[in-house]
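**Q** Dumping the structure here so I can ask a few things about it.
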Amino acid sequence: MIKNNIKIQICIGLVLLSYNIHAQNMVSMSSLHPETDTAGTDKRELAIRYPDLRQFGVSATHFGYSDFDAKLNDADFAGGKIRTERINTFFNTPAVKWNGNSLSASINYTYTSTELKDISNTLPDQELTPLTRDKSNFDLALNYSRSAKIFNHPIIYSLVARGITDGVNSFRRFNLNGSFNLPLKKTEYTSFSVGLLVLIDPSAPIPVEPIINYYHKFNSSGIELIVDLPNGVNLKKEIAKNAWFKIGSNQRSYTTFYDRHNAFLDGKVSYNTIELKSGAAFEYLFAKNIILTIDGGFNSFLSAKLFKDGENYRNASFDSDNKGTGYVNVGLSLLTF
C-alpha cells in the first residue's frame with residue numbers, strides 16, 4: 001500500500017514537472033478560470049472547487065528542516081539545513097464586467113521566516129553563516145479577460161499585470177503574463193479546455209507553457225478529478241455534508257527579497273523557490289461562507305535560486321539543491337458568493 005502511494009505521488013509529480021510548473025507570483029487563477037467563462041456554472045461551486053477563486057483567504061504553513069547544498073557560480077559553496085515558516089493572505093476583488101470583458105484585482109501578502117543552521121562552507125574566502133530572517137512581500141495583480149469567438153468557437157483571452165514589493169514605497173519586480181483558453185467540452189459533470197500561457201518574468205524557467213483544465217465527477221463514487229495545469233492535479237470527494245477530503249499535488253512559486261552587502265552578494269537580490277506540495281487535505285464549510293482547510297504532506301523543491309539584479313532563471317549565480325520535507329498547513333477562506 002505504501003509503495004503504491006509513493007508511485008502515485010511520483011507519477012503526479014512527474015506530470016507536473018513535465019510542464020515546468022511554477023507560479024503563484026506569475027500565474028493568476030483569474031487567467032485560467034476567468035469569470036467570463038462561468039456561464040452555466042455556479043460561482044459558489046467553482047470557488048469550492050478552486051481555492052484561488054475565493055474572495056479572501058489566510059493560511060499558516062509549518063515546514064520541517066530541509067538539507068541543502070548550494071553552488072555559487074557553478075562551484076560548490078555551502079551546505080546545511082534550512083527551515084521556512086509562512087503566513088499567506090489573499091484578497092480577490094469582485095469583477096467588473098461589460099460586453100464580454102472582465103476586470104478584477106488581487107492582493108497577496110506573504111510573511112516568510114527563514115532559518116539556516118548547521119552550515120558547512122566549502123569556499124574558504126566566502127562564508128555563509130547561520131541566520132534567521134523574517135521578510136514580508138506584497139503581490140498586487142490586475143487581471144483582465146475577454147470572451148470572444150474565433151471561427152465560430154468560443155475563446156477566452158487574458159492578461160495579468162503583477163507587481164511584487166517588500167515595502168510600501170517601491171516595487172522590486174514587475175511580471176506580465178498573457179493567455180488564451182479554448183473551451184472544448186462542457187456538460188453537467190465534465191468540462192475540458194486547453195490553452196497557452198506566455199510569461200514575461202526573469203524567474204520563469206520557460207517563457208511559454210500549455211494550460212490544461214479538466215474536471216470530471218464520477219457519479220458512481222462521487223469522486224471529482226480536477227486537473228488544473230500548470231497549478232495542480234487533485235482527487236476530491238464529499239465525505240459529509242459541507243465536508244470534503246482531497247489528495248493531490250499542487251505547485252507554487254515564492255519570492256523573498258533581500259539587500260545583501262558582502263563578498264559574494266552585493267546589492268538587491270531575490271530568493272525564488274518553485275515548490276510542489278503532495279499530500280491530503282480536509283475542508284469544511286461552516287457559517288455559510290467560511291471554509292476551514294487542514295492539510296499536510298511532503299514538500300518538494302523543484303528549484304531554489306538566488307537572483308542578483310539583471311540575472312534570470314538560466315544565469316542565476318546562486319543555485320541551491322534543497323531536499324524535500326514535511327509540511328502542515330491550516331487556513332480559513334471566504335466564499336462570499
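The values are calculated or read from the model by the stated rules, or taken from the named source; none is laboratory data. Not measured: the values here are computed from a predicted model. Note that each Cβ is placed from the backbone with ideal geometry, even for glycine, and that neighbours are counted across all protein chains shown.
**Q** If we only count strands (runs of 3 or more DSSP E) wholly inside the range 58-114, which ones have 2 or more residues that are in contact (Cβ under 8 Å) with a residue 60 or more places away in the chain and in contact with a strand residue (DSSP E or B) (Cβ under 6 Å, 6 or more places away or on another chain)?
**A** Those strands (runs of 3 or more DSSP E) span 66-72, 75-92.
**Q** Yes or no: the range 117-125 includes at least one residue that is touching a Lys or Arg at 6+ places or on another chain (Cβ under 6 Å), within 23 Å of residue 272 (Cα to Cα), assigned to a strand (DSSP E or B) and at pLDDT below 90.
**A** no
**Q** Shifting gears a bit: Which is buried (at least 16 other Cβ atoms within 10 Å of the Cβ) and over 30 Å from residue 74 (Cβ atoms), of 170, 158?
**A** 158
**Q** Step by step: first the residues of the range 185-208, then only those that are surrounded by 13 or more Cβ atoms within 10 Å (Cβ to Cβ) and aliphatic (A, V, I, L, M), then the one that is nearest to the chain's Cα centre (by Cα). Which residue is that?
**A** 204
**Q** Among (1) within 19 Å of residue 88 (Cβ to Cβ); (2) of a type outside the set (Phe, Trp, Tyr); (3) in contact with a Pro (Cβ under 8 Å, 6 or more places away or on another chain), there is one condition residue 272 misses while meeting the rest; what is its number?
**A** In the conditions (1) within 19 Å of residue 88 (Cβ to Cβ); (2) of a type outside the set (Phe, Trp, Tyr); (3) in contact with a Pro (Cβ under 8 Å, 6 or more places away or on another chain), residue 272 misses (3) alone.
**Q** Any chance you could count how many residues in the range 289-313 are of a type outside the set (Ser, Thr, Tyr), in contact (Cβ under 8 Å) with a residue 12 or more places away in the chain and part of a loop (DSSP other than H, G, I, E, B)?
**A** 4
**Q** Next question, about the same structure. Could you tell me which residue of the range 52-62 is nearest to residue 315 (Cα to Cα), considering only residues that are surrounded by fewer than 19 Cβ atoms within 10 Å (Cβ to Cβ) and of a type outside the set (Val, Ile, Thr)?
**A** Filtering the range 52-62 for residues that are surrounded by fewer than 19 Cβ atoms within 10 Å (Cβ to Cβ) and of a type outside the set (Val, Ile, Thr), the one nearest to residue 315 (Cα to Cα) comes out as 62.
Let's see how each residue does on (1) closer than 24 Å to residue 322 by Cα; (2) in contact with a helix residue (DSSP H, G or I) (Cβ under 8 Å, 6 or more places away or on another chain):
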{"residue": "87", "(1), (2)": "yes, no"}
{"residue": "98", "(1), (2)": "no, no"}
{"residue": "104", "(1), (2)": "no, yes"}
{"residue": "108", "(1), (2)": "no, no"}
{"residue": "113", "(1), (2)": "yes, no"}
{"residue": "123", "(1), (2)": "yes, no"}
{"residue": "143", "(1), (2)": "no, yes"}
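**Q** Quick check on the range 47-57. Is at least one of its residues of a type in the set (Asp, Glu) and at pLDDT below 90?
**A** Checked the range 47-57: at least one residue is of a type in the set (Asp, Glu) and at pLDDT below 90.
**Q** Here's something else I'd like to know. Here are the criteria: (1) surrounded by fewer than 15 Cβ atoms within 10 Å (Cβ to Cβ); (2) in a strand (DSSP E or B). Tell me which single one residue 225 does not satisfy.
**A** (1)
**Q** I'd like the full set of residues that are surrounded by fewer than 19 Cβ atoms within 10 Å (Cβ to Cβ) and hydroxyl-bearing (Ser, Thr, Tyr), limited to the range 314-337.
**A** Within the range 314-337, 317, 325, 336 meet the criteria.
**Q** Something else now. Checking residue 46 against (1) in contact (Cβ under 8 Å) with a residue 24 or more places away in the chain; (2) farther than 25 Å from residue 258 by Cα; (3) touching a helix residue (DSSP H, G or I) at 6+ places or on another chain (Cβ under 8 Å); (4) not hydroxyl-bearing (Ser, Thr, Tyr), only one condition comes out false. Which one?
**A** (1)
**Q** Right, next: Mind counting the residues in the range 228-259 that are buried (at least 16 other Cβ atoms within 10 Å of the Cβ) and either of a type in the set (D, E, K, R) or not in a strand (DSSP E or B) (or both)?
**A** 6
**Q** For residue 311, work out the one condition from (1) crowded, with 17+ Cβ neighbours inside 10 Å; (2) touching a Gly at 6+ places or on another chain (Cβ under 6 Å); (3) closer than 21 Å to residue 68 by Cβ it doesn't fulfil.
**A** (2)
**Q** While we're on this one: For the range 115-145, enumerate the residues that are under 18 Å from residue 172 (Cα atoms), free of Cβ contacts under 8 Å to residues at least 40 places away in the same chain and surrounded by 13 or more Cβ atoms within 10 Å (Cβ to Cβ).
**A** Scanning the range 115-145 gives 136, 138, 140, 142.
**Q** Criterion first (among the small types (Gly, Ala, Ser), touching a helix residue (DSSP H, G or I) at 6+ places or on another chain (Cβ under 9 Å) and either modelled with pLDDT under 90 or closer than 20 Å to residue 300 by Cβ (or both)) does residue 203 satisfy it?
**A** no
**Q** Residue 75: out of contact with any helix residue (DSSP H, G or I) (no Cβ under 7 Å at 6 or more places or on another chain), small (Gly, Ala, Ser) and within 19 Å of residue 335 (Cα to Cα), yes or no?
**A** no
**Q** Here's another thing I want to ask about it. Any residue at all in the range 144-166 that is in a loop (DSSP other than H, G, I, E, B), closer than 26 Å to residue 313 by Cβ and not hydroxyl-bearing (Ser, Thr, Tyr)?
**A** yes
**Q** Output yes when any residue across the range 170-179 is in a strand (DSSP E or B), of a type in the set (A, V, I, L, M) and within 22 Å of the chain's Cα centre (by Cα), and no when none is.
**A** yes
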